[in-house]
Amino acid sequence: MSRLPLDMTKKLNLAILFALASIYSLAAQESPSPAPTPSPSPSPTSSPARSVRISFVPPPLEGTISLGIYDGNGKLVRILHQQAKLDEFAIGADALVTKWDGKNDDSEDLPAGKYHARGYLVGRFKVEDLGQAAAPPVEDNATGNVKVKLMPNPLANDERPIVDLGVGFDDEGSFLKTTDGLPLCTVSETPNLIRAFIKKNGEKSVDVWQDDGAVVEQFRISNIDKMMAFDCGDFELK
């Protein structure tokens, strides 16, 4: 039997690989989901289950995603994703997909109405522990927030937006956040903090002081401009 020319053999191999990839992708899309487990009917007094599908195209930047749900007054009512990786989202036809159950951060049902989803893709910030500080900065000189000019999102055709950043803390440590409360980046995993301050250090970095009542530590977060904003638009919660 005669052999095929080398270049034709390579083309056939590539065609087979593409065919296998297409079959695998089609099978994954058409595979039926497992049947849901039957559940008792809700009582007349219980609220019906609600689920809102939210899709978005992530900005072209390597990093993590923080996404919030806002009510009609622009108040953050749910931190839907915090420092999430791209593979934590479902992949739709032309966008990433997530779902919201219509509840706030306390697992309480929110009233029907219009809501808005928006977030940030946070690049690789550099967090440096500068060690123990003699004392936290005087509160009058350490602002409660700082203004940072972000990278433009080419998918939104926007200019370089400006965001107000602050520093927050909880039982697990301190974090950079938007001033409306959306966490963006972990600063330190130090528990039992009692206060924290933030101050601008040039155009692309900020200094953070945190106090646990015994020790004051100082941190420097650089590359804070490596961040892009994105918007998921309005939707109706029924």
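The values are calculated or read from the model by the stated rules, or taken from the named source; none is laboratory data. On a predicted model such as this, the values are computed, not experimentally measured, just so you know. Note that we place each Cβ from the backbone using ideal geometry, even for glycine, and neighbour counts take in every protein chain shown.
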task: Kindly check whether there is at least one residue in the range 159-175 that is among the basic types (K, R) and assigned to a loop (DSSP other than H, G, I, E, B).
output: yes
- request: Among the candidates N192, N153, N157, N201, single out the residue that is in contact with a Pro (Cβ under 7 Å, 6 or more places away or on another chain) and of a type outside the set (D, E).
  value: N153
task: Please find, within the range 176-210, the residue that is farthest from R220 (Cα to Cα) out of those that are outside any loop (DSSP other than H, G, I, E, B) and among the aliphatic types (A, V, I, L, M).
output: L184
- prompt: Does D7 qualify as being at pLDDT below 95, within 30 Å of G123 (Cα to Cα), not β-branched (V, I, T) and not assigned by TED's automatic domain parsing to the domain that holds D170?
  reply: no
query: Exactly one of (1) under 20 Å from V127 (Cα atoms); (2) at pLDDT below 95 is unmet by E217. Its number?
result: (2)
query: If you take the residues in the range 211-238 that are charged (D, E, K, R) and outside any strand (DSSP E or B), which one is surrounded by the most Cβ atoms within 10 Å (Cβ to Cβ)?
result: K226
query: Would the range 170-191 turn up any residue that is surrounded by fewer than 19 Cβ atoms within 10 Å (Cβ to Cβ), among the acidic types (D, E) and within 16 Å of the chain's Cα centre (by Cα)?
result: yes
- request: Return yes or no: is I54 assigned to a strand (DSSP E or B), buried (at least 17 other Cβ atoms within 10 Å of the Cβ) and out of contact with any Phe, Trp or Tyr (no Cβ under 9 Å at 6 or more places or on another chain)?
  value: no
